[in-house]
Amino acid sequence: MNEAPNAENPVLTGFSRDELSSLLAPLLPPYKARQVFAWIARGAGSFEEMSSLGKRERQELTRRFSLRCTRETARLADRDGTVKLRLALRDGAEIEAVLLSGGPGRGTACLSTQAGCPLGCVFCKTGALGFLRNLGAAEMVEQLLRLREAGEGREPDRIVIMGMGEPLLNLEELRRALAVIMDGEGLGISRRRITVSTSGLVRGIRELADRGPLPRLALSLTSAREELRKGLMPGAEPLAQVKEALARYQEQSGQRLTLEAVLLGGINTGAEEAAAFGRFARGLDTVVNLIPWNPVEGLSFRGRALREPSAGEIQSFVRLLEGEGLKVTRRFRRGRGVGGACGQLGSLP
Ligand code: SAH
Ligand code: SF4
């Protein structure tokens, strides 16, 4: 269902099982509140569908609560199977979420955590939009529910928090959303199948390391040379501190870290750059994920228009990194046809 029938009612999609149980305590015994939680995770769009509840209970819930606070305003499907959704929020803000095809019947959901982003990376469309506001947990969980509806039988079994916004600037709500997503009686997606991508906010990484949960972590390194990085990512924090925070995260989570680098033609694909990558990664267990820049019109750096890296630049950079002893993967460019690829989120074509 696409409508949000009771637009002003509290929405239930962002509450953990325990929270829901307390919230619904005046109306339902705990075991029924648990059923509501499971129904929501299964994608129920109305309380009427919740056939394990009594008629009165369903009516009362319908009167007082809502099951959606987002509305789908556009859906675009790429030939490669990628589906991009544009969702309007109750206050009119708009966000995007993307489903990438996985194996047969599977998909990876790419979720947004903010409407816009305050960090202003020069290569990113979301950054160019500026910052509107943080999303609530329900707005994050609903992206996943709506992607599943739109996926035509493809079950999202992996989550990447790589849509619009910087997740570590919205950590409390992200944590709440992950609690719902990871719950075995809810969506049941384990932390190993969830990746949070960050521009590298030291406080946030430390907090996540100390308080959990411990999803996979990806750092958008982009450049391991301080000055260039700061130029490309004005919100970037000192690399030594970022590395220290990553080491702590790795110690706590026991998982390999991903270092992401969006490759900008003529800017960050040289030998010096690769050497700096090598130095940064030393002592950490990492894999480098290269993302050839997805074109966004109008973006420039130091007075020159950004361009995609050539095939030759990519190849030579891969070799240079491997020469540094690094493991390298290259991200497949899915979703370009619908502007749903990395860094292209922000508006419909
Ligand atoms: N704010 C977080 C998560 C969202 S951005 C972060 O920066 O990590 C997710 C990824 O998309 C980042 O690695 C970012 O470097 C990359 N990205 C941004 N714009 C891009 C573009 N135009 N082409 C390719 N990748 C881009
Ligand atoms: Fe924000 Fe990430 Fe885009 Fe930078 S790359 S502007 S941190 S969304």
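No value in this document is a laboratory result; all are computed from the given coordinates. Keep in mind it's a predicted model, so treat the numbers as computed, not measured. Note that we place each Cβ from the backbone using ideal geometry, even for glycine, and neighbour counts take in every protein chain shown.
Output the antiparallel fraction of DSSP beta bridges having both residues in the chain, as a percent to the nearest 5.
If we restrict to bridges inside the chain, about 45 percent are antiparallel.
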Members of Lys84/Lys125; Lys84/Lys243; Lys32/Lys84 lying beyond 27 Å, as alpha-carbon distances in this model show
Lys84/Lys243; Lys32/Lys84
Using the count of nearby Cβ atoms within 10 Å as a rough guide to exposure, how do Glu57, Glu297, Glu244, Glu260 rank from fewest to most?
Glu297, Glu244, Glu57, Glu260
Using alpha-carbon positions, what is the distance between the centroids of segment 274-291 and segment 110-141, in Å?
26 Å
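Mean separation of Cα pairs under 8 Å and 6+ residues apart, divided by the residue count of segment 12-64: what relative contact order is that in percent?
27 percent
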Using Cβ contacts closer than 10 Å as the measure, can you line up Met162, Met50, Met140 from fewest to most?
Met50, Met162, Met140
I'd like the distance between the alpha-carbon centres of segment 9-30 and segment 172-218, rounded to an integer number of Å.
22 Å
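Could you compute Rg(Cα) / (2.2 N^0.38 Å) for segment 38-101, with N its residue count?
Cα-based Rg divided by the globular estimate yields 1.44.
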Give the value in nm², to one decimal: projected area of the alpha carbon convex hull of the chain, averaged over all directions.
17.1 nm²
Karplus-derived HN-Hα couplings along segment 48-65 (A = 6.51, B = -1.76, C = 1.60, θ = phi - 60°), whole Hz, x at Gly and Pro
4, 5, 7, 5, 7, 9, x, 4, 4, 4, 4, 5, 5, 4, 4, 5, 9, 10
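Taking only C-alpha pairs under 8 Å that are 6+ residues apart, what is the relative contact order of segment 122-258 in percent? Don't skip to the answer; put the middle values down first.
Numbers: 149 pairs, mean separation 29.4, N = 137.
With pairs under 8 Å counted, the relative contact order is 21 percent.
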quick shape note, segment 12-64: Cα extents on principal axes in Å, largest first -> 23, 23, 18
May I ask for log10 I(q)/I(0) of segment 134-223 at q = 0.11, 0.12, 0.15, 0.21 Å⁻¹, from a Debye sum over the Cα atoms as equal point scatterers with solvent left out?
-0.30, -0.35, -0.55, -1.06
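How would you rank Ser66, Ser316, going from fewest to most other Cβ atoms within 10 Å of each one's own Cβ?
Ranked by crowding around the Cβ, least crowded first: Ser316, Ser66.
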Would you work out the Kirkwood radius for segment 124-182? I mean one over the mean of 1/r across all pairs of different Cα atoms, in Å.
12.6 Å
